[in-house]
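Step one of this worksheet: look at the structure below.
The values are calculated or read from the model by the stated rules, or taken from the named source; none is laboratory data. Quick caveat, the model's predicted, so the values are computed rather than measured. Glycine gets a Cβ as well: all are built from the backbone with ideal geometry, and neighbour counts include every protein chain shown. Accessible surface is based on the protein model in full, side chains and every heavy atom, while ligands, DNA and RNA are left aside. Shrake-Rupley method; radii C 1.70, N 1.55, O 1.52, S 1.80 Å.
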Amino acid sequence: FGATESMLGVNLWPSNVERYVLSVGEGYFEFLPLSEVDQPAPLTVDLSQVREGQRYEIVVTNFAGLYRYRLGDVVRIVDTSGTTPVFEFDHRLGDVIDLAGEKTTQRHTREAIRNAAVELFGSASVINNYTLVLDTSVVPYRYRVYLELTDDSLAARCDKFPECFDHELQNVNMSYRTLARTQRRLDQPAVTVVKHGTFDQLEENHYRHKPGTSRNQVKVPHLLTNPEQIALLERQALKAPDKLARH
């Protein structure tokens, strides 16, 4: 797990590919508690002060002269390896969805999509890529998920994906369940399956909108707001299995 500015973590557990031990020695790392990230003079803690279960934005000072650089990556401390913190990526600052107070992060959506794929297909590996769009064209508002599968023929088996994803998202984000779905402030998510290769086109489009950025730094956001890119996804739609009875 890394950035252009520094290597941040190394995975030591092949069965849990999203868990990283902090790359101590690659730079000097500080951690901003979530309660501090919006403060005018935020206070950091060092690696000896982080607490398991808490979330932090990483601040890095590297050997090339970059000093106290805020990466915008928020991680969650999940364990220690010896005395070194072990973390999972949680979300990027600015990527938290908050339509009804639910505060859905990228970690929530990633886990819900993975769990829904395991439930419906027996494996999360059938999901090639995904992104979310906030659909405010309907009332109640809802999330729309664009899925690319490893095989387009699997789209015919996605009719229950909206319901399953909704169920799994409620399980991993209690605020989504209590504030959004139980109170019917958000509707069941919609799901659109796009043709295989669509996310390659989307990445190319995203790259063209990032002048001066190297290609290996460009990744398709998992929360998409660019109208041109959303239109590209719509043109590539194979099936939108969201025409279910509303709950």
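All but one of (1) under 21 Å from the mean Cα position of the chain (by Cα); (2) outside any helix (DSSP H, G or I) hold for N115; state the number of the condition that does not hold.
Result: N115 fails condition (2) only.
Does D151 satisfy being open to solvent by 50 Å² or more (accessible area, probe 1.4 Å) and free of Cβ contacts under 8 Å to residues at least 12 places away in the same chain?
For D151, the condition - open to solvent by 50 Å² or more (accessible area, probe 1.4 Å) and free of Cβ contacts under 8 Å to residues at least 12 places away in the same chain - is not met.
For segment 1-29: of the residues being under 20 Å from R110 (Cα atoms) and of a type in the set (S, T, Y), which is modelled with the highest pLDDT?
Looking at the filtered set, the residue picked out is Y20.
A quick yes/no check of all residues on (1) surrounded by 17 or more Cβ atoms within 10 Å (Cβ to Cβ); (2) modelled with pLDDT under 95:
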site	(1), (2)
N115	yes, no
V118	no, no
S123	no, yes
Y143	yes, no
A155	yes, yes
P162	yes, no
T178	no, no
Q183	no, yes
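Report yes if some residue within segment 32-55 is touching a residue at least 24 places away in the same chain (Cβ under 8 Å) and touching a helix residue (DSSP H, G or I) at 6+ places or on another chain (Cβ under 7 Å); otherwise report no.
Yes, that holds for at least one residue.
Residue check: is P221 open to solvent by 30 Å² or more (accessible area, probe 1.4 Å), under 28 Å from F1 (Cβ atoms) and touching a strand residue (DSSP E or B) at 6+ places or on another chain (Cβ under 7 Å)?
Values: open to solvent by 30 Å² or more (accessible area, probe 1.4 Å): yes; under 28 Å from F1 (Cβ atoms): yes; touching a strand residue (DSSP E or B) at 6+ places or on another chain (Cβ under 7 Å): yes.
The answer is yes for P221.
From the list A190, A156, pick out the single residue that is among the small types (G, A, S) and in contact with a strand residue (DSSP E or B) (Cβ under 6 Å, 6 or more places away or on another chain).
On the way: A156 fails: in contact with a strand residue (DSSP E or B) (Cβ under 6 Å, 6 or more places away or on another chain).
One residue alone meets the criteria, A190.
Here are some residues: A180, A156. Which one is of a type outside the set (D, E), touching a residue at least 60 places away in the same chain (Cβ under 8 Å), in contact with a Ser or Thr (Cβ under 9 Å, 6 or more places away or on another chain) and more than 18 Å from T131 (Cα to Cα)?
A180
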